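Novice: Quick one: structure below, then a few questions.
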Amino acid sequence: MKITLIIPCFNESRILPKTISRLMQIMNEVADYTLLFVDDGSTDDSWELLTKSAQQNPKISAIRLSRNYGKEAALCAGLEKAEGDAVIILDSDLQHPPEIIPEMINFWRQGYDIVEGVKQSRGKESFFSKLSAKIFYGLFKKFSGHSLDNASDFKLLDRKVVLAWRQFKERDTFFRGLSAWMGFKRIVIPFIVQDREDGKSKWSFRKLLRLSISAITGFSAKPLLIVPLLTFILLIFCIILAVQTLINWCLGHAVEGFTTVILLVLLIGSAIMISLSMIALYIANIFNEIKDRPRYLISEQLNLTNDK
Ligand code: UDP
Ligand code: MG
């Protein structure tokens with residue numbers, strides 16, 4: 001039984017040596033394993049470091065993506081190449097405590113297909129990021145029906161789940177959501193998010209917003225229902241206003257002033273813009289998916305046998 005640890009990294013050279021030694025120390029005790037690093041287009045010396053480690057140790061393999069594609073694509077690359085009977089996905093910055101890996105493996109040996117790390121405490125985070133996470137998970141649950149409260153990417157997947165994942169053809173993936181969608185026999189393990197020991201978070205607000213929008217629009221067409229909803233509300237409003245205007249006209253006095261006109265223009269204008277924006281988001285998604293480009297390109301790989 002072999003386990004592949006998939007570790008995406010982007011400019012993490014300062015912490016990689018520590019990550020490698022911590023993971024090896026833990027894994028040597030529990031199972032046969034490979035550490036599969038996915039270098040997501042780092043511009044520091046992460047790749048040089050990985051090359052050196054892979055030359056010294058056959059248990060370390062690595063894929064280098066041709067540029068920075070983002071963590072989701074890096075995870076896809078790892079899942080595509082992983083050979084183990086199970087894979088464990090974890091961050092390279094040790095915020096996902098590797099100490100719970102043996103427990104995860106135990107659950108897998110007991111027959112669970114997915115062992116999910118769930119954040120018991122989100123660690124040090126600003127009020128703003130806590131609030132945005134809450135809003136995002138609330139919306140995601142409302143639209144997709146899957147509750148991802150405190151979910152993380154720290155997961156163990158059995159090989160059959162990995163093979164099932166490989167059938168997914170969509171370009172824009174949302175690993176956390178898709179793994180909830182997949183089902184299978186699962187169990188959760190709570191963990192406490194550790195402080196980042198070195199470097200800083202690689203997720204900018206822009207990247208997070210992009211991921212949130214693509215996660216929601218990729219999972220549900222419900223936001224599009226805002227178009228008929230707004231139409232309905234406006235229709236009712238317009239009927240009332242039309243009746244009032246007609247009655248006034250019959251009684252011989254016209255509706256007064258610009259206020260009504262201004263209000264109507266603003267109301268109809270914003271309803272049209274909101275509807276168009278929703279439609280635009282979905283068209284952008286369709287456009288991105290239909291081109292069917294690969295999710296990422298690989299420029300180099302180390303200690304990997306499959307060239308798929
Ligand atoms: N990461 C990546 N590509 C990116 C951004 C991040 O591979 O474009 C990796 C990063 O190296 C780390 C993991 O994804 O191993 C989580 O990123 P980070 O720690 O920056 O995010 P946070 O912990 O703040 O959510
Ligand atoms: Mg982190």
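Every number in this text was worked out from the coordinates using simple rules, so none of it is lab data. Owing to the predicted nature of the structure, the values given are computational and were not obtained by experimental measurement. Cβ: placed from backbone, ideal geometry, glycine included. Neighbour counts: every protein chain shown.
Novice: Put +1 on the Cβ of every Lys and Arg and -1 on every Asp and Glu Cβ in the chain; which of 251, 157, 47 then has its Cα farthest towards the positive end of the dipole?
Specialist: Projecting each Cα onto the dipole axis, the largest value belongs to 251.
Novice: Roughly what % of Cα-Cα distances in the chain sit above 34 Å, to the whole percent?
Specialist: Details: 15651 of 47278 pairs.
More than 34 Å apart: 33 percent of the Cα pairs in the chain.
Novice: On a 0 to 90° scale, report how tilted helix 127-144 is relative to the longest principal axis of the chain, with both axes built from alpha carbons and the result rounded to the nearest 10.
Specialist: Value to nearest ten degrees: 80.
Novice: Then there is this: Of the listed pairs 18/52; 59/200; 2/155; 71/222; 142/185, which have alpha-carbon separations greater than 20 Å here?
Specialist: Violating the 20 Å limit, Cα to Cα: 59/200; 71/222; 142/185.
Novice: Placing +1 on the Cβ of each Lys and Arg and -1 on the Cβ of each Asp and Glu in the chain, which of 173, 126, 89 has its Cα farthest towards the positive end of the resulting dipole?
Specialist: 173
Novice: Over region 209-308, what number does the Rg to Rh ratio reach, with both radii from the alpha-carbon atoms and Rh per Kirkwood?
Specialist: Values: Rg = 24.3 Å, Rh = 18.1 Å.
Reported Rg/Rh, Kirkwood definition of Rh: 1.34.
Novice: Give the residue list of trypsin sites (Lys or Arg not before Pro) in region 65-173 that are DSSP loop and have at most 13 other beta-carbon atoms within 10 angstrom. The partial results should precede the final answer.
Specialist: Working: sites: 67, 71, 81, 109, 119, 122, 124, 130, 134, 141, 142, 155, 159, 160, 166, 169, 171; in loops: 67, 122, 124, 166, 169, 171.
Those satisfying the criteria are 67, 122, 124, 166, 169.
Novice: About the Cα centre of the chain, how large is the charge dipole given +1 on each Lys and Arg Cβ and -1 on each Asp and Glu Cβ? Please answer in debye to the nearest 20.
Specialist: Value, rounded to 20: 360 debye.
Novice: Compute a Gaussian network model of the chain, connecting alpha carbons closer than 10 Å, and tell me which residue from 179, 66, 277 fluctuates the most.
Specialist: 277
Novice: Consider a paramagnetic label point 7 Å from the Cα of residue 289 along Cα→Cβ; state which residues of region 124-152 have an amide N under 19 Å from it.
Specialist: 140-146, by backbone N distance to the label point.
Novice: A follow-up question, please. Return one number: the angle in degrees, 0 to 90 and rounded to the nearest 10, between the long axis of the Cα atoms of helix 205-219 and the longest principal axis of the Cα atoms of the chain.
Specialist: The helix 205-219 is inclined about 80 degrees to the chain.
Novice: In the chain, with Lys and Arg counted as +1 and Asp and Glu as -1 at Cβ, which of these residues, 239, 15, 290, has the Cα nearest the positive end of the dipole, that is, farthest along it?
Specialist: Of the options given, the answer is 239.
Novice: Let me ask something else. Helix 16-30 versus the longest principal axis of the chain: what angle, 0 to 90°, nearest 10, using Cα atoms?
Specialist: Compared with the principal axis, the helix lies near 70 degrees.
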